[in-house]
1. Only one of these is modelled with pLDDT under 70, surrounded by 18 or more Cβ atoms within 10 Å (Cβ to Cβ) and of a type outside the set (A, V, I, L, M): Ser520, Ser489, Ser495. Name it.
2. Do any helices (runs of 4 or more DSSP H) lying entirely in the range 341-454 carry at least 2 residues that are open to solvent by less than 40 Å² (accessible area, probe 1.4 Å) and at pLDDT 60 or above, and which ones are they?
3. Here is a list of conditions, (1) under 19 Å from Thr138 (Cα atoms); (2) buried (at least 18 other Cβ atoms within 10 Å of the Cβ), and Trp41 meets all of them except one; can you say which number that is?
4. Quick check on my filter: what residues within the range 29-55 are assigned to a helix (DSSP H, G or I) and in contact (Cβ under 8 Å) with a residue 60 or more places away in the chain?
5. Has the range 130-151 got any residue that is more than 21 Å from the chain's Cα centre (by Cα), more than 19 Å from Ile63 (Cα to Cα) and open to solvent by 10 Å² or more (accessible area, probe 1.4 Å)?
6. Filter the range 98-129 down to the residues that are under 17 Å from Asn171 (Cβ atoms) and open to solvent by less than 50 Å² (accessible area, probe 1.4 Å) and list them by number.
7. Based on this model, can you work out whether Gly114 counts as in contact (Cβ under 8 Å) with a residue 60 or more places away in the chain and not assigned by the TED database to the domain that holds Lys344?
8. Exactly one condition in (1) touching a residue at least 12 places away in the same chain (Cβ under 8 Å); (2) assigned to a helix (DSSP H, G or I) is not met by Ile549; state its number.
Amino acid sequence: MEKAAGSPAAGGSYPQKNAEILSCQYGINLFLAGLLLTFAWAVHAVGISKSHLLSYLITLMLIQLLWMLWYLCRSCTQRRLIRDKDTHAGACWLKCGITLFAVITLILDSFKIGYYIDFSNCLSPTEGIFPVTHAAHTILQVYFLWCHAKDIIQSFKTLERFGVIHSVFTNLLLWTNGVLTESKHQLNEHKERLITLGFGNITIVLDDHAPQCNCTTTTLCSIFSQGIYYLYPFNIEYHILASTMLYVLWKNIGRKVEHHQQHKTPFKFHGITVGMIFGLIVLTSTIAIVVVYLIQIGRSKIKSELALTMFYLHAIFVLALMCTAGVVALLIYRLEDRSLDNSKNPARKLDAELLVGTAAGSWLLSWGSILAIICAQAHPKYTWYNLPYSVLVIIEKYIQNLFIIESIHREQERANDDIKTLRIVTVSRGSTLSLTPSYKEIYNGRAARDIGELPCLFSSSICARESDGSGGANEETSQGNSSVMHSASEFSFYSRSSVADNKRRILKNIAAFLFLCNLSLWIPPAFGCRPEYDNGLEEIVFGFEPWIIVVNLAMPFSIFYRMHSAASLFEVNCKT
């Protein structure tokens, strides 16, 4: 009988589990087909052109557009229904961030349209259709995520699983396409700079996909072609953020949630002045370093070596500060006794997995640099700075990942119970004490019936009782003892409250400082300041092509790690 009773419920879960597995396999195959097509275009495979790749991406975007329109129309018809929401998914600051990246992506699309118009004589029509389709896809997707990122879908679940996973892998393919295009541009610039560093033994062959015709307006063509590559980092971040938000939506399909409200945690600048000041100093200095680096690198061997030395010294100083801040934050956590929230939360689980997974990109590059320094026969002076830099990159990510993951798993601090306990006011020359009941007693309806009985406070045996027939001496003694013990308890409470406030203030300043530092460390690789390319030592030890492949595979994850860490630290600051 037990088996029969349990079988319907168990059997009912099989179709949904199968739908999850089937949709996941569909998305992976969709992604692998696009990935191979992208790779074939990158290596100039016979019979594969850029138009084939763009046609595939356009088709995927059009399918996603149709699904999003269908979902939005169905949601409008059912707008009166009460739907479950995942309060942890689609935070407002995350939506604002993806909107900012989307706006810059639209500017990028407009540049591509202008570029196509100027070279329309020798470009495929797909290169003009792609940015138009991509712009429409971006606008509708951002609207969709603003309105429905928190949805927990309970109807048409099988169909919706395929629609959402299609959207996830479409964005991943667009991200891959952007990463590859930007990497090819950076690689061409890197090859041109290698000669100035004295590495003439490396074969320099530019991988050029430039149009084979003249531009109709030379000035505009130059603006469009150069501007496109400066906007690509924002386009890359936009697509990876969109794919993560859509993945959380996919994981939430059919999920049953507990109906409790999450406390809103708005961001406040109050109390984080120190962290913001130091963080802004790091951000400003990093921008200055990047500008000088891009100007000096490739001009001459001496200038290139000075630019690399300057970059390494600045990065070593920043990473050392970040390690110190992270250790202080972890020590504060060890001094606190607060439980962890282990409830099921797809958004939080994905955040932790992305932190560790994308950190592997930086770790791979760092270990490659360490091995190159150990194994190289000749060591230019500037390459020795690479050793502490690489070691600090590994250590800093260890510490920062631990701090962020523990922070997002810690239960949100509730209002201190001591603040909401009974407030006792001693009345001069009175035999009774006035009472303000706690919010818990009001909620439980106990305040009214406990008028004649005052509860004990702070585990002391101090309870105020009305004295019937007591002498004046006993009354004065009782009031004196109550005042003394009340003052001691109040002093103990305020001292503990002050310590807790100081800890929280330090943690908020550390989170704000690390937030700005991660934004600072995102800027150099995103905008072409990549010493892994330019110092040349790794390319001598591992070979030019193998090391370039490693850098091109690992660098996108390293760049995404910094932006994702900044987003997670912003959440930590709001939560602390």
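The values are calculated or read from the model by the stated rules, or taken from the named source; none is laboratory data. For clarity, every value in this text was computed on a predicted model and none was experimentally measured. Neighbour counts are summed over all protein chains in view; Cβ atoms, including those assigned to glycine, are modelled from backbone coordinates with ideal geometry. All accessible areas refer to the heavy atoms of the entire protein, side chains included, with ligands and DNA or RNA removed. Shrake-Rupley method; radii C 1.70, N 1.55, O 1.52, S 1.80 Å.
1. Working: Ser520 fails: modelled with pLDDT under 70; Ser495 fails: surrounded by 18 or more Cβ atoms within 10 Å (Cβ to Cβ).
Matching residue, one of Ser520, Ser489, Ser495: Ser489.
2. Of the helices (runs of 4 or more DSSP H) lying wholly inside the range 341-454, those with at least 2 residues that are open to solvent by less than 40 Å² (accessible area, probe 1.4 Å) and at pLDDT 60 or above span 346-375, 386-409.
3. (1)
4. Taking the range 29-55 as the starting set, the residues that turn out to be assigned to a helix (DSSP H, G or I) are 29-42, 50-55.
If the condition is that a residue be assigned to a helix (DSSP H, G or I) and in contact (Cβ under 8 Å) with a residue 60 or more places away in the chain, then Leu30, Phe31, Gly34, Leu35, Thr38, Ala42, Lys50, Ser51, Leu53, Leu54, Ser55 are the ones that fit.
5. Restricting attention to the range 130-151, the residues satisfying the condition of being more than 21 Å from the chain's Cα centre (by Cα) are 130-137, 139-140.
Now restrict to residues that are more than 19 Å from Ile63 (Cα to Cα): none.
Looking through the range 130-151, none of the residues is more than 21 Å from the chain's Cα centre (by Cα), more than 19 Å from Ile63 (Cα to Cα) and open to solvent by 10 Å² or more (accessible area, probe 1.4 Å).
6. Result: Ile98, Thr99, Phe101, Ala102, Ile104, Thr105, Leu108, Asp109.
7. Numbers: in contact (Cβ under 8 Å) with a residue 60 or more places away in the chain: yes; not assigned by the TED database to the domain that holds Lys344: yes.
Spelling it out, Gly114 is indeed in contact (Cβ under 8 Å) with a residue 60 or more places away in the chain and not assigned by the TED database to the domain that holds Lys344.
8. Status for Ile549: all satisfied but (1).
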